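Structure, as structure tokens:
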Amino acid sequence: MTELQTASMAKPWEGLDGRDRHAACMIAAQAGDRSAFYVLVAELSPLVWHVARGNGLDRTSAEDVVQTVWLALLRHIDRLSEPRALAGWLITTTRREAVRVLQRASGQVELSGEIAERLQTTDPSPEHEVLRDERDQQLWAAFHKLTQRCQELLRLTVLAGRAEYRAVAEALHMPHGSIGPTRGRCINNLRALYNGDSGS
Amino acid sequence: MRTHQSDDELMSEVARLVNELDPPPPGLIERAQFAVAIDDIDDIEFEVARWEEHRPLAGVRGGLPGTITFFVGDLTVMVNVTRTGERQRIDGWLVPAGAHGVEIRVADHGSTTTTADEGGRFVLTEVPRGTTQLLVRMNAEQSRTVVTPTVDL
């Protein structure tokens with residue numbers, strides 16, 4: 001009896017990790033368990049954040065988009081018929097929302113000009129002083145000169161390297177430990193920008 | 001020297017910089033959890049409003065009072081915030097006008113509700129400061145509820 005009670009009180013995602021854990025949370029959230037939804041928000045907000053940042057949003061807009069995406073998931077939770085596809089859904093929805101925000105902003109300002117300005121002025125700052133040395137500064141500057149596609153991909157690569165984000169690698173079809181051709185090109189571009197900057 | 005850096009070495013440098021220089025802001029998760037912690041939201045159709053990107057008084061993000069705007073579809077809501085001691089007064093204007101229900105949720109302070117007048121104007125006084133979310137329940141269409149992302153007021 002005690003065992004049964006304990007079992008019934010344990011949350012279905014406990015003891016699971018990665019995609020299995022989040023799929024279990026999705027199923028529970030779809031059944032109305034709000035605490036399951038909070039787990040998803042806690043564990044997958046960094047993913048949404050980095051996709052938003054990788055798509056050219058400043059930090060304030062990126063935070064708005066994080067909330068917009070979670071509200072959208074709450075709104076459409078019953079429409080996600082495949083709980084294991086959550087990471088992919090979050091990535092796609094965040095990209096779409098980022099484009100929407102940038103398009104709206106471009107109503108006032110020429111888009112490419114605004115992005116260029118943003119990259120020059122708000123990245124990398126105000127964290128600027130944290131940059132350890134000149135090499136860090138050059139690498140961070142080079143990173144922000146990459147195309148948004150590459151910036152997003154490399155940010156996701158960073159996330160996917162952490163065990164709890166294995167679902168991200170799966171959603172993007174990144175086999176663990178391998179660097180696909182697109183990522184390889186992005187890394188080569190980064191290396192060229194980084195080396196070019198220093199004149200070495 | 002760095003020309004010979006391997007892909008893995010370069011990626012681990014990038015990982016360090018991304019994690020150190022552009023981490024999610026402190027409180028991001030808590031604010032997002034608050035934004036979705038709306039009572040009885042499971043059974044209603046709602047729309048998610050966006051804050052106006054081009055905020056004339058974007059400084060409100062830094063805690064300064066001012067005017068902010070959000071929109072969704074044909075609905076626009078303008079909100080003016082005035083400090084009154086420890087609390088604040090919120091004047092709002094909904095377009096299209098109507099006697100819509102307005103709820104303001106403030107993290108750790110519950111929520112305050114009012115109804116806009118026929119001209120779409122509403123006033124809430126003595127609103128606590130903090131992470132704030134607005135909900136608008138459209139009068140004409142009972143099923144239409146609009147929620148915003150949070151803003152720190």
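The values are calculated or read from the model by the stated rules, or taken from the named source; none is laboratory data. Remember, predicted model here, so these are calculated numbers, not experimental data. Reconstructed Cβ throughout: ideal geometry from the backbone, glycine too, with neighbour counts over all protein chains shown. The accessibility values were calculated without ligands, DNA or RNA, using every heavy atom of the protein model including side chains. Shrake-Rupley method; radii C 1.70, N 1.55, O 1.52, S 1.80 Å.
Here the helices (runs of 4 or more DSSP H) wholly within segment A:1-92 that include at least 3 residues being within 10 Å of chain B (Cβ to nearest Cβ) and crowded, with 23+ Cβ neighbours inside 10 Å are A:34-54, A:59-76.
All of A:Arg96, A:Arg132 fail the test of being open to solvent by 60 Å² or more (accessible area, probe 1.4 Å) and at pLDDT below 90, apart from A:Arg132. Of the conditions (1) closer than 26 Å to A:Thr60 by Cα; (2) more than 14 Å from chain A (Cβ to nearest Cβ); (3) in contact (Cβ under 8 Å) with a residue 60 or more places away in the chain, B:Asp108 satisfies every one except a single condition; which number is it? The number of the failed condition is (3). Taking B:Glu126 as the residue in question, decide whether it is open to solvent by less than 50 Å² (accessible area, probe 1.4 Å), of a type in the set (D, E, K, R), part of a strand (DSSP E or B) and modelled with pLDDT of 85 or more. Considered against the rule, which asks whether it is open to solvent by less than 50 Å² (accessible area, probe 1.4 Å), of a type in the set (D, E, K, R), part of a strand (DSSP E or B) and modelled with pLDDT of 85 or more, B:Glu126 comes out as no. Only a single item in (1) at pLDDT 85 or above; (2) open to solvent by 70 Å² or more (accessible area, probe 1.4 Å); (3) out of contact with any Gly (no Cβ under 9 Å at 6 or more places or on another chain) is not met by B:His109, and it is number (3). Selection of first residues in segment A:142-156 that are of a type in the set (Gly, Ala, Ser) and of second residues that are open to solvent by less than 10 Å² (accessible area, probe 1.4 Å), restricted to Cβ pairs under 7 Å at least 6 apart or on distinct chains, gives the following pairs, ordered by first then second residue: A:Ala142/A:Leu190; A:Ala142/A:Tyr194. Figure legend. Inter-residue proximity from segment A:49-60: first residues farther than 12 Å from A:Leu154 by Cα and touching a residue at least 40 places away in the same chain (Cβ under 8 Å), second residues open to solvent by less than 30 Å² (accessible area, probe 1.4 Å) and among the polar types (S, T, N, Q), beta-carbon distance below 8 Å, spacing 6+ or different chains. Indicated pairs: A:Ala52/A:Ser61; A:Ala52/A:Thr94. Annotation: of all residues in segment B:10-33 being of a type in the set (Gly, Ala, Ser) and facing chain A (nearest Cβ under 7 Å), the one that is nearest to the chain's Cα centre (by Cα) is B:Ala32.
Look through segment B:34-53, keep the residues that are within 16 Å of the chain's Cα centre (by Cα) and β-branched (Val, Ile, Thr), and return whichever of them is farthest from B:Asp108 (Cα to Cα). Selected residue: B:Val48.
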